[in-house]
Amino acid sequence: MRLHIANGRLIDPANAVDGLHDLYLADGQVVATGVAPDGFHADRVLDARGLAVLPGLVDLSARVAQPGHATGLAFAPAELRAALAGGVTRLVLPPDAEAVPDEPGKVDTLMRQREAGQPRIHPLGAMTVGLAGQTLTEMGLLAQAGCLAFAQGEHGIADTRVLWGAMRYASGLGHTLWLRPHDPWLAPRAVAASGAYAERLGLEGLPPQAETVALNTIFELQRATGARVHLTRLSTAAGLALLRAARREGLAVTADVSVHHLHLTDVDIGFFDTHYHLQPPLRGQRDRDAIQAALADGLIQALCSDHTPVDDLGKAAPFPASTPGATALELLLSLSLKWARDQRVPLADALARVTSGPGALLSSLSGNAAQAGQLGVGAPADACLVDLDAEWLVAPTALQSRSPHTPFAGMMLPGRVRATVVGGELAWETSV
């Protein structure tokens, strides 16, 4: 398939490009920008007049497994459509209750499902057999089967000895651990951030020490083992301060944050609105401000959706008993644009946090993800066409995900994806 995307505003943060340039795609790669290569004859021309042409978004945390499937490792078609509708062409699948890739055969089953025109999937392998287990998985075999790195999802690590062993094993193989820093024993029934608001609502609060204690443990074991670590969904100002110190020290650590924590705080919970029950819980304004600053100055190089579809029953329960999570794949780009607009962040910098920033991280971990999140010559032909001037209402009928539950429901957001290209194939298109 040879595709010519014409008349668009090409914005490619990785290559410092922002201007009117045509884009030429062939054999699953970018073959030229600006002027067609010799002998190029397009099978299809997409007119991007009035639209921005961006690299396909890279989402470092999105759950797209089909609930109740016999193997627990089937993709939900609605969630794949949601990714494409949001311009997401590459996503990292964390291990959780619906998808536990702790054996090479399970990973093979997962990887064989992907079809042409669907988002590229990078599964994280489970660190232990059974997410709450103490026996380490065969990380080397899981990596050969296609696992990008190794994680425990939302399950706490059984004990420090297991984490130490996992770091030694991963370091010896040159693999990365993908960890959410969380000490589950400080407040095992917490459903909100500790503080005055949680106390007013009578909700058990999670102190920031649940994050900082875990971070101190991770960094101390890194010093001893030399392991590489990616920290996912940091949520506290104190945790970000520890990360900043660790980076200055030279530890091999990267990090991301979620779009929810970029915009929201604990007081948004209101009167027990379960749409705001998230994991980790929403923190205070000081924490949100620290997250925004860390993204702006580059300490945090990636913004993720933390897409976690929850059904109606899960959100209908009382707040403490409700299921944490929210749909966000289709909101990732728009919420990034809103942050840029509200905080006067340069557009290219904001887009880098969902394209070249996470793309560079994947490229450092996997040769199969080389040049992800950019549109230079030779890069994968993954792109999205976006109306940056459009405003759209977040409503259940506007979402492709099987779950309509999001704390941003009813909000007008900037930016609308009009088309998404994966591997040079037009995978999503809308004129609405």
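The values are calculated or read from the model by the stated rules, or taken from the named source; none is laboratory data. Keep in mind that what you see is a predicted model, and the values were worked out from it rather than measured. Cβ atoms come from the backbone with ideal geometry, glycine included; neighbour counts cover every protein chain shown. For the accessible areas, the whole protein counts, side chains as well, though only heavy atoms, and no ligand, DNA or RNA atoms are used. Shrake-Rupley method; radii C 1.70, N 1.55, O 1.52, S 1.80 Å.
When the chain is treated as a GNM with alpha-carbon contacts under 10 Å, the residue of L91, L173, L262 showing the greatest mean-square fluctuation is L173.
Using all pairs of distinct alpha-carbon atoms, the Kirkwood hydrodynamic radius of segment 175-218 works out to 11.2 angstrom.
Sorted on the mean count of surrounding Cβ atoms within 10 Å across their residues, most packed first, peptides 79-88, 355-364 read 79-88, 355-364. With the simple model of a label 7 Å out from the Cα in the direction of the Cβ, A224 to R248 spans 2.5 nm. To the nearest ten degrees, helix 237-249 and the longest principal axis of the Cα atoms of the chain are 70 degrees apart.
For a paramagnetic label modelled on A6 (point 7 Å from Cα along Cα→Cβ), amide N atoms under 15 Å away belong, within segment 17-47, to 21-25, 34-37, 40-47.
Between A36 and D159, full extension at 0.36 nm per residue minus the direct alpha carbon distance yields a gain of 38.6 nm. Charges were assigned to the Cβ only: +1 to each Lys and Arg, -1 to each Asp and Glu. The resulting dipole of the chain about its Cα centre is roughly 480 debye. Per residue of the chain, the DSSP helices (runs of n ≥ 4 H) give a summed -39500 (n - 2.57) that works out to -8500 deg cm²/dmol at 222 nm.
Using heavy atoms of the protein chains and a probe of 1.4 Å, the accessible area assigned to D18 is about 90 Å². Taking Cα atoms only, the orientation of helix 332-343 departs from the longest principal axis of the chain by about 80 degrees. Could you list log10 I(q)/I(0) for segment 345-432 at q = 0.19 Å⁻¹, which the Debye formula gives when each Cα is one point scatterer? So the normalised log intensities are -1.07.
Using the alpha carbons alone, the radius of gyration of the chain stands to its Kirkwood radius in an Rg to Rh ratio of 0.95. Seen against the Cα atoms of the chain and their longest principal axis, helix 160-173 is set at about 30 degrees. A full extension of the chain between N15 and A78 corresponds to an added length of 19.4 nm, given 0.36 nm per residue minus the alpha carbon distance. For segment 171-288, taking the reciprocal of the average inverse distance between every pair of different Cα atoms yields a Kirkwood hydrodynamic radius of 14.9 Å.
What per residue convex hull volume, in Å³, do the alpha-carbon atoms of segment 7-151 yield?
138
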